[in-house]
1. Please find the FRET efficiency linking Phe186 to Asn222, where r is the Cβ-Cβ separation and R0 is fixed at 22 Å, and quote it to the nearest 0.05.
2. If you average the sequence gap of Cα pairs under 8 Å that are 6 or more apart and divide by the length of region 236-291, what percent do you get for the contact order?
3. Over 25 Å between Cα atoms, which of Lys269/Lys295; Lys232/Lys259; Lys192/Lys295; Lys237/Lys259; Lys221/Lys259 qualify?
4. List the trypsin sites (Lys or Arg not before Pro) within region 172-239 that fall in a DSSP loop (any state other than H, G, I, E or B) and whose Cβ has at most 15 other Cβ atoms within 10 Å.
5. Give me Rg over Rh for region 121-186, both radii from the alpha carbons and Rh done the Kirkwood way, two decimal places.
6. Can you tell me the FRET efficiency between Asp66 and Ser110 if r is taken as the Cβ-Cβ distance and R0 is 22 Å, rounded to the nearest 0.05?
7. Quick one: which residues, 5+ away or cross-chain, put their amide H under 5 Å from the amide H of Tyr334? H built at 1.01 Å from N.
8. Count charges around Val177 for me, please; just the other residues with Cβ under 13 Å from its Cβ, Lys/Arg as +1, Asp/Glu as -1.
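Nothing in this text is a laboratory measurement; each read-out follows from the coordinates by a stated rule. Just so it is clear, the model here is predicted, and its values are computed rather than measured. Neighbour counts run over all protein chains shown; Cβ positions are idealised from the backbone, glycine included.
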Amino acid sequence: MPGIIEDDRGLTVYGMVRLRLDWREMQSFGVLSMRDLKMGYRAGTAAICAALMTVFSLPAMAQMTDPDGTPYSTKYYRKKPDTMNISLARVPGGAWGDFVLRVVSDYGMSGCPKISNIGYSSELQGGTVAVVIGDYSLDMRDLPSAPQYQCASRQFYPTAEIPLNATALASNNINQVRFEIPGPRFEVYDLKQGDDYVQLTPGPLLSPRPKIHPLQNEYVKNSLKLWLYPEKTVILKVGGVDDTVTDVKKAVQELAESKGMTPLESVIKDFKSPLADPNSFYYVDNRSAVTGDAKAMDGVQVGTVSVSSVVQTIDGGQTVNRTVAVFAHTPGAYE
């Protein structure tokens, strides 16, 4: 398995040995000679292996421990994230304006190994949120012999969730987020705020090959724009319909208005649904018809609507009417 070992000279091994020493530096450790390096004999190879064990293993294992004092090893080690995706995510049940800046490593792992979250620090510096991205740990000790029966099959990705608040950002005139990532390297995103949204966009000096990129989410149009909804906002969704159904929005609006709901676009100026699904609609639940239900986060049925679609038959197009259910739920992290 790959491992990360560092000694007090800053030398690093990632899995297979990658050296940044020339032979004079190796000689300084007192374990190699020019003869060892020039000759391909077995004795020379053994001496090189002994040198590597001396240089990398012993000092590193003695000095590197986790916060609990457990030493790192080739099966329990720290790893620096390489490329990462970022997004703005809502805090379900949080106060108005609360959200998180989510940073996720593109490197994931399934099965039994344990992956920690990404370490980070953040602070306000002038008009900037300065975020320093750290590393995370991989623990592959004591793995079972039959992981396919005992461990999760889905991928786990190291993540950092940086809590922010729109009101605090506005009061401090924050206009950018600066990421310091291992290297060190800096990447900057511009931050824009309106009365009802927060948005990040790549800065003008962003590298053509950035280490940090926006999350690509097929269900969301823009993972870097977060609308700040008023209390009692709900999403009405119609399932089981396709592009041939043309009267869904009107039918849902009639149902919503019968329950005292107000379209969100009439409350938030210029609001556009962030969802790719054209059959999901945002409303404010003024009478708590949905938000008063304890199951509102998971979804509850609020009624049915009649819709029509054109079905192609041997005799041509035929209009078919049918009744479909309408479900409602409170917005999730990316909704």
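1. 0.40
2. Computed value for region 236-291: 44 percent relative contact order.
3. Over 25 Å apart, Cα to Cα: Lys269/Lys295; Lys192/Lys295; Lys221/Lys259.
4. Here the sparse-neighbourhood loop sites are Lys221.
5. Here Rg/Rh amounts to 1.21.
6. It comes out at approximately 0.45.
7. Correct list: Arg90.
8. -1
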